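Engineer: Pasting a structure here, questions to come.
The values are calculated or read from the model by the stated rules, or taken from the named source; none is laboratory data. Worth saying up front: this structure is predicted, and the values here are computed from it rather than measured. Here the Cβ is made from the backbone with ideal geometry for all residues, glycine too, and neighbour counts use every protein chain on show.
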Amino acid sequence: MNEKELLYYWKEVERAAHIRGWDFSPIEGRYTEETDLPWNYRDVIWHYLRPEMKLLDLDTGGGEFLLSLHHPYVHTSATEAYPPNVQLCNKTLLPLGIDFRPGDANEVLPFADSTFDIVINRHGDFCVEEIRRVLKNGGLFITEQVGAENDRELVELLLGKMELPFPEQYLEKVWKRFCDAGFEILDAQECFRPIKFFDVGALVWFARIIEWEFIGFSVDDCRERLLDAQRILEQNGCIEGRIHRYLLVAAKTE
């Protein structure tokens, strides 16, 4: 495609970009990430989870990952704050008997003290004090989080140098917060891994969806940088950055 055709294509992608739950299928096969993490988050949870345990998933999205755990629905609860996902959870989780409640995971949770054996959270917000409150003594918090430096090369490619939007998202800092709140750390890992795009249109979709990282992105404002990205793609076969992830398993002590 020539420059005019590329810009038209990218504008169409930008207009159409939306997400249902946490579904990245619109760019499936056009990018790769999380193919070589040193842990498997689902397996980590399964290592600790037993059928009789009360499980809470904070910021469940559309409940996709939660349902993949196949935990007994009668012992499963979830929260979500993003309105479109709340509607989706009301349709998908509540009919199964899962105790879904709308709520912001960074605020007071809509559950009683000492309710859960395990609280999980993947790439969402959380409040250390509220997690401690709703966990039973000895209960576990298991989280995989997006780190502070996630996608920085891609952000700088499209927008230039910007301040980190979540500068506290380093394992060392979060580890300390949980220790200070009365948790014992059972597992803690941090890594940087590649993320690759094979189509600038997929990168446009990604930047529109992950708006909290790509702050202020638009095709019109980033026109020249997108054309630079296209040249990098044609030269190297892909556009590459790095993801930043960490895993933490923490037990509530008495």
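Engineer: Could you check residue 202 against (1) of a type outside the set (Phe, Trp, Tyr); (2) crowded, with 19+ Cβ neighbours inside 10 Å; (3) in contact with a Leu (Cβ under 8 Å, 6 or more places away or on another chain) and say which number it fails?
Structural biologist: Of the numbered conditions (1) of a type outside the set (Phe, Trp, Tyr); (2) crowded, with 19+ Cβ neighbours inside 10 Å; (3) in contact with a Leu (Cβ under 8 Å, 6 or more places away or on another chain), the odd one out for residue 202 is (3).
Engineer: Another one. Run down 192, 166 and say which single residue is under 20 Å from the mean Cα position of the chain (by Cα), under 23 Å from residue 42 (Cβ atoms) and surrounded by fewer than 17 Cβ atoms within 10 Å (Cβ to Cβ).
Structural biologist: 192
Engineer: Then there is this: Could you tell me which residue of the range 80-112 is nearest to residue 50 (Cα to Cα), considering only residues that are part of a loop (DSSP other than H, G, I, E, B) and more than 20 Å from the chain's Cα centre (by Cα)?
Structural biologist: Among those that are part of a loop (DSSP other than H, G, I, E, B) and more than 20 Å from the chain's Cα centre (by Cα), it is 98.
Engineer: Note down all Cβ pairs under 6 Å where the first residue falls in the range 64-79 and is modelled with pLDDT under 95 and in a helix (DSSP H, G or I), the second is surrounded by 14 or more Cβ atoms within 10 Å (Cβ to Cβ) and among the small types (Gly, Ala, Ser), and they're at least six residues apart or on different chains.
Structural biologist: 64/21
Engineer: Would it be correct to say that residue 69 is buried (at least 22 other Cβ atoms within 10 Å of the Cβ) and in contact with a helix residue (DSSP H, G or I) (Cβ under 8 Å, 6 or more places away or on another chain)?
Structural biologist: The answer is no for residue 69.
Engineer: Criterion first (of a type in the set (A, V, I, L, M, F, W, C), surrounded by fewer than 18 Cβ atoms within 10 Å (Cβ to Cβ) and part of a strand (DSSP E or B)) does residue 250 satisfy it?
Structural biologist: In short, no.
Engineer: On to the next question. With the condition kept exactly as written, say whether any residue in the range 138-147 is surrounded by fewer than 17 Cβ atoms within 10 Å (Cβ to Cβ) and of a type in the set (S, T, N, Q).
Structural biologist: The answer is no; no qualifying residue exists.
Engineer: Now a separate question. Hey, could you check the range 211-243 for residues that are crowded, with 17+ Cβ neighbours inside 10 Å and among the β-branched types (Val, Ile, Thr) and say which is farthest from residue 29 (Cα to Cα)?
Structural biologist: 219
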